[in-house]
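All of the numbers you see were taken from the coordinates with simple rules; none came from a lab. Nothing here was measured: the structure is a model prediction, and the numbers come from that model. In this analysis, Cβ positions are derived from the backbone assuming ideal geometry, glycine residues included, and neighbour counts consider all displayed protein chains.
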Amino acid sequence: MQTPQVFRSDIILKSYQQPYNEQFTDDASVAEAAGYKISLVEGNRENIKITTTFDLKLAEFLLLGDKND
């Protein structure tokens, strides 16, 4: 799964009311276990999650381009 995962707030809030299951790996697995149908849509490779310094540098490159051109 690519982040972000998007849900209507009422669905994801209700989904998290169920008891914890160690097979939950992300919001989609929680919503699916609550009985909701999960749909996939094609993502964009440039929609990156920024969690490290490298990710931030990659985001800067994607936004600003290669200034050496």
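The table for this structure:
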item: Stretchable slack from residue 54 to residue 13, in nm (0.36 nm times residue separation minus alpha-carbon distance); result: 11.5 nm
item: Helical mean residue ellipticity (222 nm; -39500 (n - 2.57) per DSSP H run of 4+; nearest 500) of the chain; result: -10500 deg cm²/dmol
item: Loop chymotrypsin sites (Phe, Trp or Tyr not before Pro), segment 19-69, which have at most 11 other Cβ atoms in a 10 Å radius of their Cβ (DSSP); result: 20
item: Over 18 Å [Cα-Cα, segment 9-64], rounded percent; result: 53
item: Normalised contact order of the chain, rounded percent, pairs of Cα under 8 Å and 6 or more residues apart; result: 25
item: Most fluctuating residue given options 46, 32, 22, as computed from a GNM of the chain linking Cα atoms under 10 Å; result: 22
